[in-house]
Every structure is written in C-alpha cells, then in structure tokens.
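Engineer: Take this structure first; my questions come after.
Derivation of every value follows stated rules applied to the coordinates shown; laboratory data play no part. Just so it is clear, the model here is predicted, and its values are computed rather than measured. Cβ atoms come from the backbone with ideal geometry, glycine included; neighbour counts cover every protein chain shown.
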Amino acid sequence: MNNQKSMKFRLGTIVDALLPVFATLAALLVGAVMLLILRVNPIVAYKALFEGAFGSTNAFAETLVKATPLLLVGLGICIAYRGNVINIGGEGQMIIGALLSTWVGLRFTGLPGWLMITIGMLVGILGGCVWGGIPGILKAYFNVNEILSTVMMNSIAVQLMNFFLTGPMMDPAQAEIASQIPQTARLEEAYRLPRFVPTRLHLGALIAVILAVLVYILLWHTTLGYRIRAVGQNPPASRYAGIKVHRYVALSLILSGAFSGLAGAIQVYGVNFRMITDGSTTGFTGGVGFNGIVAALFGQLHPVLTIPASVLFGALLVGANTMQRVVQIPSALIMALNGLVVVFVVSSEIWRKRRQTKRLSIADEEEEPNHGNSNESEYLTEDGR
Amino acid sequence: MIADLFNLTVLLGILASGIRLATPYLYASIGETFSQRSGVLNLGVEGQMLLGAFAAFYVSINTGNLWLGVLAAMAVGAIMGLAMAFVTVNLHAKQGISGIGFYLFGLGMSNLLFQLLVGTVETVRGFPKIDIPLLVNIPIIGSILFSQNILVYVAFLLVPAAWFVLNKTTLGLNIRAVGENPEAADSLGVSVARVRYFTIILGGTLSGLGGASLSVALLNVFQQNMTAGLGFIAVALVYFGGWRPWGALAGALLFSMVNALQLWIQVLGIPIATELAVMMPYILTILVLTVSGRKMRTPSALTKPFEREG
C-alpha cells in the first residue's frame with residue numbers, strides 16, 4: 001500500500017518535470033497545423049529547423065551563442081520571480097548595459113584586454129542594475145506596477161539606443177560615407193572575449209553557466225536569497241520577521257537587471273564587437289529580453305534548469321532562420337510559437353498544483369496532521385523549488 | 001522656434017491630432033477597464049491590437065469593405081479574449097505571464113501573416129471624415145471636434161456608455177462585485193466565471209477594434225509591430241484612470257496630446273532629437289504611475305483566480 005503511494009509520488013514528480021516539454025510539443029503541434037494550412041510539409045520544416053540548430057559543429061556553436069544571452073536574461077527572471085516581481089524589462093536592461101559597456105570600450109583604448117573586458121562586463125552590469133533599479137524602487141516605494149514600468153523603460157531604452165547609435169556614438173567611418181546604419185565603431189581586437197575557434201562560441205557562454213550555478217547558491221544557500229524568497233512568498237510575514245520588505249523588492253529587480261545588462265555587454269564584447277541595430281525595437285537584442293522569460297519559465301524558474309531550457313530556445317531561434325531559408329516560412333512563426341509555449345506552460349501549472357495539494361493531503365494522512373505553519377517554512381527552505 | 005508652438009493654429013493642430021490619436025488608447029483602455037474591474041489583468045492587449053490591426057487591414061484591402069475589416073478585427077480580438085479567458089478562468093494561469101505569452105503570439109502571428117499574405121507596403125483608403133452638421137460650424141473648435149472619422153466618434157461615445165454599464169446596470173454591479181469580492185458574489189448566485197468570460201472577451205473585442213482604428217482609420221497602413229507599446233500604455237492608462245471610464249478618457253487624452261505635441265515638434269523642426277521627443281510619452285506614463293501610485297485603490301481580486309470551495 002505504502003509502496004504504491006510512493007510509486008505514484010515519483011510518477012507525479014516526473015510528470016511535473018515534463019510539463020514544460022509537453023507544453024512545447026503542444027505548441028509545435030499547433031505550429032505543424034499552421035504549416036499544413038500554409039501548404040508546407042511540417043516534417044520538412046521541422047527537419048530544417050533541427051538541422052539548422054544541431055546539424056554541424058558550427059550550427060551547434062551558433063545555438064550556444066544564441067543561448068548565452070537567453071540564459072543570462074533567464075537567470076535574472078528567476079531571481080525576480082522568486083521575489084514575486086515580474087521583470088519584462090530585459091530588452092531595455094540589455095540595451096543600456098550594452099550602450100554603457102560599448103562606450104567605455106571605445107573611450108578607453110590601449111588597456112590590457114582582460115582588464116577592459118572585466119571593466120566592460122561590470123559597466124554592463126551596472127547599466128542593467130540602473131535600468132532594473134528604477135522600476136524596482138518605483139515598485140517598492142511608490143507602488144508602481146513593475147510590469148508596466150519595465151515595458152515603458154524598454155521603449156525609452158530603444159529610443160536612447162537609436163539616438164546614440166545615429167548620433168554621438170555613431171561609427172565615424174559610417175558618418176564619413178554618409179551611411180545611415182545605426183552602429184558604433186568596432187572594439188579593438190584585444191577587447192574581444194576569447195573564442196573557441198573556429199566557431200563563434202565565446203567565453204561568455206561559460207560565464208553564463210557558472211553564473212547559473214552561483215544564482216542557485218545565492219537563492220537557496222545564502223541569507224540574501226532566503227530573504228528575497230521570503231519576501232516573494234509572504235510579504236506580511238517577512239515584515240513581521242523583521243525583513244525590510246521594500247528593500248528586497250527593489251533588490252530583486254536590481255539583481256534581475258544586472259543579468260540582462262551583462263547579457264547586453266557580452267553580446268557586444270563576444271559576438272558583434274560593436275553595438276549595432278536595424279532601427280526596429282528588437283534590432284539589437286533580437287527579442288532576447290522577451291525570449292529569456294520564455295526560457296526561464298520553461299526551466300521552471302530554476303537557475304540550473306534554465307541552462308538546458310536556454311539551449312532549447314537558442315536552438316529554436318537559430319533553427320528558425322534555417323527554416324525560413326529552406327521552406328520560406330518567416331521566422332516570426334517561431335516567435336508566435338514561443339508565445340504559445342508561455343501560455344501552455346503557465347496553463348499547465350494547474351496540474352502541478354493539484355498534485356501538490358493531493359500530495360500534501362496524503363502526507364497529512366500518513367503522518368501526524370500538520371501543526372501550525374510548518375508547511376510554509378518547509379516550502380521556503382526546500383531545495384530546488 | 002519654441003515660440004512657434006504657441007501660435008493658435010499650431011495649438012489647434014495639436015488639439016485636433018491629439019483627439020484623433022486618443023482613439024486606439026480609448027478602445028483598448030475601456031476594454032481593459034472592464035476586465036480589470038472583474039479582477040482580470042489582461043496584458044495581451046498589445047497582441048490583440050496587432051492581430052486586430054492586421055485583420056482589419058487585410059480584410060479591407062481584399063474586400064474593399066472597411067466595415068468587414070472592422071468586424072474581422074473585433075472577431076479576432078474576441079477569439080484571443082476567449083482563449084485568455086479559458087486560460088485564466090478555468091486553468092488559473094498567472095495572468096501577467098500568460099498575457100505576455102498572448103502578446104508574443106500576437107506579435108509573431110501578425111508579423112508572419114503580414115509577410116506571407118501582403119509582404120509589401122500597401123495603403124488602405126481609410127474611413128473618411130464626417131462633418132457633423134451645424135456643430136462643425138462652431139468657430140474654432142467645431143472643425144476640431146466635429147470633423148473626425150466614424151471610429152473616433154464611436155470611441156468617445158464608448159466612454160459614457162461604459163460608465164453607464166459599469167455604474168447603472170445589474171451587469172455592471174455584478175462585474176464590480178466579482179472584482180472586489182468574488183466569494184460574496186458567488187454566494188449571491190453570480191457566476192464569477194461567466195462574468196469574467198464576458199469582460200475578457202469584451203476587452204479583447206475592443207482591443208481588436210482599437211487595432212483596427214490604427215490600421216484603417218488613423219494610419220491606413222499595416223506595419224510590423226505598428227502598435228509599438230501602445231497596448232501596454234493602454235493598460236497603464238487604466239491604472240491612471242483609477243479603473244473608471246472617465247479616468248481612462250482623461251489619461252488617453254493627456255497621453256495623445258503629448259504624442260501630438262511630439263509630432264508637431266518634429267514637423268516644426270524644433271531642434272530636439274526625434275528619439276528624445278518620441279520618449280516623452282513613455283516617461284510621462286512612468287511619472288503619472290508614480291504620482292498616482294500611492295493613492296491607488298486596485299480592485300481587490302485583481303490577478304487572483306477564483307476557485308469555488310468544495
């Protein structure tokens with residue numbers, strides 16, 4: 001009898017863990033139906049997508065290059081979510097991080113490479129902190145909805161970027177030939193993140209993975225992380241326990257912004273070696289600020305699980321371009337499907353929750369009934385979720 | 001050059017374009033007011049507007065009938081609303097995040113369809129201006145207020161209509177009850193689910209219509225991501241307006257006037273970088289949210305899913 005129950009437990013846990021996978025499969029299925037309507041063989045399309053992402057060493061390296069900023073933004077989303085704030089401002093935070101780090105990289109020449117790269121990354125982080133911190137402070141002390149303010153901050157950042165890349169920071173060489181491409185000059189060779197030649201995979205990918213582990217440690221093995229999570233779960237109880245709630249609400253957005261800012265800096269120092277856009281709102285970021293949310297959700301808002309999730313979505317985005325070439329289906333399809341993945345993942349949460357309450361009630365029957373609030377404190381210290 | 005702004009014709013010009021530009025904000029924020037009043041934060045507005053704008057544009061250029069285009073936009077918005085309602089009411093999905101999902105879906109989908117079905121820049125012959133007899137002859141303001149296209153008039157008439165429905169009808173009472181205290185409403189026999197389905201679908205329909213007002217009444221083209229954050233601003237205006245239709249109107253007007261001012265600054269060649277001028281409405285939104293933030297009385301059940309006990 002007991003055995004049977006624990007079997008059910010384990011099965012339930014596995015199903016819970018696989019829910020995002022089912023959600024993605026469901027979205028791809030919807031995509032397949034759309035492709036059929038468009039008279040495209042979905043198998044051919046998805047095969048092109050897969051090969052574009054994993055078909056060769058180079059393809060896989062490109063996937064990882066794309067996954068790196070997704071992971072970084074996603075890590076920020078994990079932190080924010082634990083503090084119960086929603087950060088939609090990844091786009092803007094990336095842009096400001098990239099703008100500032102590009103500026104220092106171009107302004108100070110002739111420094112040792114490692115030093116400039118370190119400074120560049122730190123400045124990028126600072127930019128992200130500021131751009132995430134404004135909505136954070138406004139939420140904590142002025143009750144401003146952070147979803148709205150981060151979206152507004154995105155639009156402001158895009159305009160700042162367009163202003164600087166076509167004005168004060170525009171590539172002088174471009175200005176000379178009267179070209180209108182909004183881009184800065186290139187960083188000098190020494191300032192570029194080391195690459196794993198012959199691919200374009202750069203050191204930033206490794207940094208991101210290490211940071212994922214560090215975020216896990218931060219959230220579940222430090223006082224700071226504990227407080228962020230406590231505030232996220234139960235603000236009144238945290239206040240009663242003496243935690244300065246406002247401060248930690250602001251802090252989770254500042255930290256969250258830091259990661260997006262770093263993502264922007266790495267995009268400049270590791271991939272393009274300059275800041276460049278195409279005039280559209282996602283011209284510089286490629287929508288990473290939004291897709292990072294998708295990746296984090298897919299990784300169940302757990303920093304370590306966000307690593308494979310980012311690789312998956314990096315693959316989808318890289319593969320989408322191949323798919324566009326092979327079957328002439330615009331890569332916008334993948335963006336639409338990503339939206340569906342988000343909807344399906346948050347919708348599937350209900351099954352996890354139902355099973356959780358069921359599990360608790362079974363546990364109650366087996367052991368002594370719970371006294372007081374032991375459940376809640378257990379939840380807070382529980383590893384992994 | 002700054003002095004040019006204070007010339008009467010320019011001021012009237014700003015006023016006139018401000019009133020026109022308020023239209024899409026009005027549709028979207030009135031719709032959002034209804035859904036938030038019933039306790040549902042619909043963040044998919046932007047996606048609904050984009051798909052609505054595309055539907056209106058596409059159907060209009062292919063049938064030559066603008067009204068069919070508007071109907072298509074409303075239908076697309078309603079379907080998106082229905083999906084949103086199912087996900088938030090039945091599946092208790094997190095409203096903020098699922099809204100972002102619907103936004104990404106609408107953004108990707110409208111891009112995809114535009115590239116596949118249209119591809120090039122095409123213009124629609126949009127709704128013509130209608131002069132309201134007599135009123136249009138009022139000196140100075142007559143031509144500003146009473147020489148607009150039909151979707152502008154409808155948007156402004158929607159405000160008192162929404163106020164009436166919310167405050168003077170049983171339906172409105174039920175909506176407010178469901179948004180403030182769903183348990184109590186439920187025990188009095190009001191179906192929380194049915195009310196929320198109604199408001200979310202209504203919100204979607206109006207967002208679609210707002211999108212249509214952009215593509216077939218104001219700009220008469222479709223561009224990828226043409227709303228550029230307008231839907232999110234509309235959501236912010238609901239907060240600004242204190243969840244009241246008249247408040248949303250005030251917010252929409254303030255916002256569109258600043259937008260019009262920004263456009264006129266560019267037209268007059270006042271030496272402020274375009275980008276910095278375009279930024280103004282967004283900065284204004286944040287400032288407005290900051291000022292109104294503290295005294296805000298949010299509907300109590302906003303973003304909280306409702307589950308019947310037992």
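Engineer: Strictly greater than 17 Å: what percent of every Cα pair in region B:42-106 meets that?
Structural biologist: Here the tail beyond 17 Å accounts for 41 percent of pairs.
Engineer: Here's something else I'd like to know. What number does the protein assembly as shown give for Rg over Rh if you use C-alpha atoms and the Kirkwood radius?
Structural biologist: 0.97
Engineer: Here is a further query. Report, as an integer, the average count of C-beta atoms from other chains found within 10 Å of each Cβ along B:229-238.
Structural biologist: 3
Engineer: Another question about this same structure. Percentage of Cα-Cα pair distances in region A:1-149 greater than 23 Å, rounded to whole percent?
Structural biologist: 64 percent
Engineer: Mind ranking B:7-18, B:242-253, B:62-73 by how tightly packed they are, going by the mean number of other C-beta atoms within 10 angstrom, highest first?
Structural biologist: Ranked from most to least packed, the peptides come out as B:242-253, B:62-73, B:7-18.
Engineer: Quick one: in chain B, what % of C-alpha pairs are over 31 Å apart?
Structural biologist: 30 percent
Engineer: So, in nm, how far is label A:Leu111 from label B:Phe86 when the simple model puts each one 7 Å beyond its Cα toward the Cβ?
Structural biologist: Reported label-point gap for A:Leu111 and B:Phe86 is 5.5 nm.
Engineer: Please return the longest range in chain A lying between exposed loop sites, taking GluC sites (Glu not before Pro), DSSP loop only, at most 10 other beta-carbon atoms within 10 Å, and leaving the sites out.
Structural biologist: It works out to A:1-366.
Engineer: Further question on the same structure: Summarise the partner chain shielding of A:291-303 as one whole number: the mean count of Cβ atoms from other chains within 10 Å of each residue's Cβ.
Structural biologist: Mean number of neighbouring Cβ atoms from other chains: 1.
Engineer: Determine how many Å³ per residue the convex hull of the Cα atoms of chain A encloses.
Structural biologist: Taking the convex hull of the Cα positions in chain A, it is 161 Å³ per residue.
Engineer: Cα centroids of region B:47-67 and region A:262-335: how far apart, whole angstrom?
Structural biologist: Measuring centre to centre over Cα atoms gives 30 Å.
Engineer: Turning to a different aspect of this structure: Determine, for each peptide in B:205-215, A:309-319, B:97-107, the mean count of other beta carbons within 10 angstrom over its residues, then list the peptides with the highest first.
Structural biologist: B:205-215, B:97-107, A:309-319
Engineer: Given region B:187-310 reduced to its alpha-carbon atoms as identical point scatterers, what log10 I(q)/I(0) does the Debye formula return at q = 0.15, 0.17, 0.18 Å⁻¹?
Structural biologist: At q = 0.15, 0.17, 0.18 Å⁻¹ the computed log10 ratios are -0.88, -1.06, -1.15.
Engineer: Between region A:87-147 and region A:199-217, what's the alpha-carbon centroid distance in Å?
Structural biologist: When both Cα centres are located, 18 Å separates them.
Engineer: Still on this model: So what's region A:4-87 giving for Rg/Rh, alpha carbon basis, Kirkwood Rh from the mean inverse pair distance?
Structural biologist: Rounded to two decimals, Rg/Rh equals 1.11.
Engineer: Note down the magnitude of the dipole of the protein assembly as shown about its Cα centre, charges +1 on Lys and Arg C-beta and -1 on Asp and Glu C-beta and zero elsewhere, to the nearest 20 debye.
Structural biologist: Charge dipole, the protein assembly as shown, about its Cα centre: 560 debye, nearest 20.
Engineer: Counting only other chains, what is the mean number of Cβ atoms within 10 angstrom of the Cβ of each residue in peptide B:276-283?
Structural biologist: Shielding by partners across B:276-283 averages 5.
Engineer: Now a separate question. Which pairs in the list A:Lys139/B:Lys304; A:Lys358/B:Lys94; A:Lys358/B:Lys304; A:Lys66/B:Lys94; A:Lys139/B:Lys94 are over 25 Å apart, alpha-carbon to alpha-carbon?
Structural biologist: With Cα atoms farther than 25 Å apart: A:Lys66/B:Lys94.
Engineer: I want to verify a result. In a Gaussian network model of chain B, Cα cutoff 10 Å, which of these has the top mean-square fluctuation: B:Phe255, B:Phe222, B:Phe146?
Structural biologist: The residue with the greatest mean-square fluctuation here is B:Phe146.
Engineer: Treat each spin label as a single point 7 Å out from the Cα along the C-beta direction, and report the A:Val30 to A:Thr357 distance in nm.
Structural biologist: That separation, rounded to one decimal, is 2.6 nm.
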